[in-house]
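For reference, the structure is listed below as structure tokens.
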Amino acid sequence: MQFLAASAPSCAAPRLPQPSARLSRPHPFAHLRRRCAPHLPSKPPPLASVSPVLLPRARRSLACTPRAHSNHHGHGHHGHGHGHCHCHHGSNLHGGGGGATVMRLARAIGWADVADALRGHLQACCISLGLLLIAAACPHVAPLNSVGRLQAALIAVAFPLVGVSAALDALVDIADGRIDIHVLMALAAFASVFMGNSLEGGLLLAMFSLAHTAEEYFTRKSMVDVRELKENHPEFALLLETSGDESTRFSNLSHTKVPVQDLTVGSHILVRAGEAVPVDGEVYQGSSTVTIEHLTGETKPLERTVGDAIPGGARNLEGMMIVQVTKSWEDSTLNRIVQLTEEGMINKPKLQRWLDEFGEHYSRAVVVLSLMVALLGPLLFKWPFFGNSVCRGSIYRGLGLMVAASPCALAAAPLAYATAISSLTRKGILLKGGHVLDALSACQSIAFDKTGTLTTGKLMCKAIEPIHGHLNVRNGLNVSSCCTPSCESEALAVAAAMEKGTTHPIGRAVLHHSVGKDKDLPKVVLQSFESLPGRGVFATLSITKASNNENKLSTAAIGSVEYISSLYRSNGECEQVQEAIKSSAYGPEFVQAALLMDKKMTLFHFEDEPRPGAREVISTLREKAKLRIMMLTGDHESSALRVAKAVCIDEVHCCLKPEDKLSKVKAVSRGGSGSLIMVGDGINDAPALAAATVGVVLAQRASATAVAAADVLLLQDNICGVPFCIAKARQTTSLVKQSVGLALTCILLAALSSVLGFLPLWLTVLVHEGGTLLVCLNSIQALNAPTWSLADEIRQLVDGLRKYISAKLNNCSNYAANTSPL
């Protein structure tokens with residue numbers, strides 16, 4: 001299909017394109033496909049491809065053995081776990097590798113059952129550590145003649161509590177050809193036993209198990225549990241039974257309990273007090289107060305009455321409502337949140353991908369270095385080959401290196417990404433992976449779409465103005481209208497018919513303006529239509545005159561003023577149209593759209609207001625985030641400048657088609673401004689969202705195409721979450737760098753001290769695991785509110801400390817007042 005610009009060959013009439021019979025609709029959200037910049041991964045990896053080093057130990061039943069059948073239905077629980085919990089190898093029975101053989105043998109003799117019972121058992125771990133500490137204290141408190149027997153008895157009871165599962169896990173890993181932290185710890189512990197240091201070997205395993213149990217707690221605390229979201233959603237809905245066109249009324253509430261997946265768009269469901277709305281819908285009858293805090297972080301309860309939209313997952317606090325389904329379960333808000341949260345947890349940042357790639361190679365290198373220390377130490381440094389905690393030989397030092405250099409702390413560093421994603425999710429901000437945080441923190445520019453992003457998007461039609469080609473427009477010589485029943489009414493009827501079902505703010509405004517005017521408007525029936533994003537809609541339609549029921553077949557186009565003007569093939573007529581637009585009685589301040597039908601052009605004038613808080617958001621991004629800020633919009637210059645002035649944006653690019661926005665985004669990214677964030681909401685913004693370093697959309701109003709192209713979804717219908725998201729990204733990358741530095745420092749100090757003989761094996765474990773716990777504690781700081789600078793962080797810390805002290809003093813004062821004698 002060809003569209004001719006104003007410089008085309010001369011002809012009296014404008015050339016309208018012939019519309020096709022159908023419009024290609026965007027694919028539903030459930031099948032979203034990402035179209036992001038090359039530096040961002042195109043799609044999340046399947047769970048089976050996530051490295052076992054970074055999977056929670058308790059969830060590695062199928063993914064940890066490459067030969068095992070990987071049949072996970074979901075994405076697992078907490079895909080960003082750092083892999084320090086204990087692995088259950090029982091389900092590897094179905095594999096065909098050496099690990100499966102070991103497991104079959106262990107099952108046959110009952111070893112696996114005992115290991116399953118003791119693995120990750122906090123009480124057993126604490127008992128083991130307590131008994132080993134008593135054994136270590138025996139030489140200082142027990143009679144000399146009974147010390148040996150008492151120590152042996154305590155170790156004999158304590159060691160199996162942590163050693164049975166550790167030995168089995170290590171054997172399975174070695175049989176499958178894997179060397180990880182659990183193998184290193186088990187080798188060090190059992191080598192200590194064979195060297196006569198069974199107490200140190202037991203302390204090593206007990207402290208290792210206890211430290212990683214604590215790490216699991218921090219991991220769970222830092223992450224949002226997808227199961228909690230799923231539990232907030234009912235599995236069934238109360239489907240109301242209706243017959244024909246009979247209205248659903250409270251007087252006849254016969255209903256059927258059906259699975260939520262079976263609900264269809266247009267059906268009616270009953271939602272009673274205390275129940276959750278199963279899918280997105282619109283209140284059909286009744287009114288109530290609902291809460292969506294668990295979905296978007298919005299704490300204030302919302303009043304919902306007839307005609308109001310209500311998202312799936314919203315909890316009905318009072319009253320009873322009949323809700324008409326507007327989206328299926330696959331496209332509902334809650335399902336989006338669950339899908340994107342799971343996707344975000346497994347879509348890994350650069351550091352974690354590096355750990356996945358080199359983690360096992362690193363473990364193998366540690367084993368080789370430990371063997372070199374054990375074998376070459378006596379030759380190079382005259383160390384004794386065997387030794388103990390007092391006279392440390394080369395084997396002892398090699399074991400210390402094996403423990404100290406294990407990558408536990410380093411593997412825990414990416415925990416900050418998962419913590420930040422969880423923190424953002426609780427605020428109603430969804431990210432498609434930790435890599436988005438890295439990209440956000442590196443961006444130096446941000447671009448905003450205007451309509452629906454910086455403005456409310458709730459356009460109001462202020463006027464309909466016949467502007468060109470109408471017989472009674474300018475000179476008043478023709479007193480009768482050239483349209484049926486009037487030019488304005490016919491234009492409104494045609495525009496409403498063409499915009500039916502649209503998601504564009506202008507289309508919604510046209511439809512809203514036509515509500516209640518059906519009796520005064522001619523009947524318009526679409527024969528065919530086609531949509532061209534960023535330009536307009538074209539249709540073949542028939543108009544029925546009310547006077548004689550005569551049908552008139554016409555071709556019409558509605559869209560931006562610039563594009564509709566360009567459809568005139570004559571340069572002279574195109575100039576006349578542009579001059580008529582400039583001399584419009586309503587001026588250039590309004591948002592405008594144009595309708596062209598039968599050589600006649602009509603202007604629609606709309607009023608749009610800046611979003612509340614948009615000015616403060618722009619100010620924060622400029623002064624705190626130090627970002628270059630620009631507006632990219634398809635609207636004409638005067639309307640764009642009016643909004644830009646209201647929200648304090650200095651750089652404005654207007655009259656842009658989708659491909660122009662795309663070119664501008666690419667130009668900024670290639671220029672000296674570095675990476676770019678694009679914030680938008682519509683189909684028109686999808687190419688720019690996909691090409692930007694990071695695409696951000698307002699999910700409540702965004703099209704499926706825009707959602708698929710974006711990296712960040714704002715569930716609340718405002719842009720106030722943009723500064724928070726950028727600050728959180730910068731906070732997270734800073735925490736990750738701190739954690740990596742802390743981990744490497746602990747590894748180097750513990751490794752050097754162990755090789756030089758300064759630390760016994762048990763103290764090496766304590767330093768190593770202490771470093772890992774410090775990394776975890778540092779990572780969960782991502783749950784705290786982000787700050788823009790060190791000064792802000794210190795100020796926040798001082799304020800928090802002041803509030804804490806004030807609260808404690810008030811509690812003491814209240815207690816003293818309540819307990820003082822009368």
Under the condition of being assigned to a loop (DSSP other than H, G, I, E, B) and open to solvent by 20 Å² or more (accessible area, probe 1.4 Å), which residue from the range 173-196 is farthest from Leu761 (Cα to Cα)?
Gly177
Under 9 Å by Cβ, and 6 or more places apart or on different chains, what pairs join a residue from the range 169-196 that is farther than 20 Å from Arg119 by Cβ with one that is part of a loop (DSSP other than H, G, I, E, B) and open to solvent by 40 Å² or more (accessible area, probe 1.4 Å)?
Gly177/Pro66; Met195/Phe386; Met195/Asn388; Gly196/Phe386; Gly196/Asn388
Mind checking which residues of the range 374-429 are open to solvent by less than 10 Å² (accessible area, probe 1.4 Å), without any contact (Cβ under 8 Å) to a residue 60 or more places away in the chain and assigned to a loop (DSSP other than H, G, I, E, B)?
Gly393
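Determine, yes or no, whether Thr264 is hydroxyl-bearing (Ser, Thr, Tyr), under 30 Å from Ile337 (Cα atoms) and modelled with pLDDT under 80. It would help to see each step written out before you state the result.
Values: hydroxyl-bearing (Ser, Thr, Tyr): yes; under 30 Å from Ile337 (Cα atoms): yes; modelled with pLDDT under 80: no.
No; evaluated as a whole, the condition is false for this residue.
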The listed residue being touching a residue at least 24 places away in the same chain (Cβ under 8 Å), buried (at least 23 other Cβ atoms within 10 Å of the Cβ), farther than 24 Å from Ala706 by Cα and among the small types (Gly, Ala, Ser), out of Ala585, Ala495:
Ala495
From the set of residues in the range 252-289 that are open to solvent by 30 Å² or more (accessible area, probe 1.4 Å) and β-branched (Val, Ile, Thr), which is nearest to Glu303 (Cα to Cα)?
Val265
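Here is a yes/no grid of residues against (1) open to solvent by 30 Å² or more (accessible area, probe 1.4 Å); (2) under 30 Å from Ala491 (Cα atoms); (3) touching a Leu at 6+ places or on another chain (Cβ under 7 Å):
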position	(1), (2), (3)
Leu595	no, yes, no
Thr602	no, yes, yes
Ser619	yes, no, no
Cys648	yes, no, no
Could you grab me the full set of residues in the range 134-168 that are in contact (Cβ under 8 Å) with a residue 24 or more places away in the chain and surrounded by fewer than 16 Cβ atoms within 10 Å (Cβ to Cβ)?
Val157
Among (1) in a loop (DSSP other than H, G, I, E, B); (2) in contact with a strand residue (DSSP E or B) (Cβ under 9 Å, 6 or more places away or on another chain); (3) open to solvent by less than 70 Å² (accessible area, probe 1.4 Å), there is one condition Arg569 misses while meeting the rest; what is its number?
(2)
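Based on what the data block shows, is Ser254 polar (S, T, N, Q), free of Cβ contacts under 8 Å to residues at least 24 places away in the same chain and in contact with a strand residue (DSSP E or B) (Cβ under 8 Å, 6 or more places away or on another chain)? Even if it seems obvious, please write down each step before you answer.
On the way: polar (S, T, N, Q): yes; free of Cβ contacts under 8 Å to residues at least 24 places away in the same chain: yes; in contact with a strand residue (DSSP E or B) (Cβ under 8 Å, 6 or more places away or on another chain): yes.
Criteria met by Ser254.
Please specify each residue of the range 430-462 satisfying the condition of being part of a strand (DSSP E or B) and open to solvent by 10 Å² or more (accessible area, probe 1.4 Å). Steps first, please.
Taking the range 430-462 first, the residues part of a strand (DSSP E or B) are 430-431, 445-448, 455, 460-462.
Selection gives Met460, Cys461, Lys462.
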Restricting attention to the range 784-797, does a residue exist that is among the hydrophobic types (A, V, I, L, M, F, W, C), part of a helix (DSSP H, G or I) and modelled with pLDDT of 85 or more?
no
Condition met for Ile543 (in a strand (DSSP E or B) and open to solvent by less than 60 Å² (accessible area, probe 1.4 Å)):
yes
For Asn684, which of the numbered conditions (1) out of contact with any helix residue (DSSP H, G or I) (no Cβ under 7 Å at 6 or more places or on another chain); (2) in contact (Cβ under 8 Å) with a residue 60 or more places away in the chain fails to hold?
(1)
Hey, can you tell me all the residues within the range 594-629 that are in a strand (DSSP E or B) and farther than 30 Å from Gly721 by Cβ?
Ala594, Leu595, Leu596, Met597, Lys600, Met601, Thr602, Leu603, Phe604, His605
Report, ordered by the first and then the second residue, all pairs with beta carbons closer than 7 Å, sequence separation of six or more or different chains, a first member in the range 311-331 that is over 16 Å from Asp262 (Cα atoms), and a second member that is assigned to a helix (DSSP H, G or I) and open to solvent by 10 Å² or more (accessible area, probe 1.4 Å).
Pro311/Thr333; Gly313/Thr333
If you scan the range 431-471, which residues turn out to be of a type in the set (Asp, Glu) and more than 14 Å from Val679 (Cβ to Cβ)?
Asp438, Glu465
Only one residue in Asp711, Asp685, Asp660 is over 26 Å from the mean Cα position of the chain (by Cα) and either more than 30 Å from Lys327 (Cα to Cα) or buried (at least 18 other Cβ atoms within 10 Å of the Cβ) (or both). Which one?
Asp660
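The values are calculated or read from the model by the stated rules, or taken from the named source; none is laboratory data. These numbers come from a predicted model, not from an experiment. Don't worry about glycine lacking a Cβ; one is built from the backbone with ideal geometry, like all the others, and counts go over all protein chains shown. Only protein heavy atoms, including side chains, enter the accessible area calculation; ligands, DNA and RNA are left aside. Shrake-Rupley method; radii C 1.70, N 1.55, O 1.52, S 1.80 Å.
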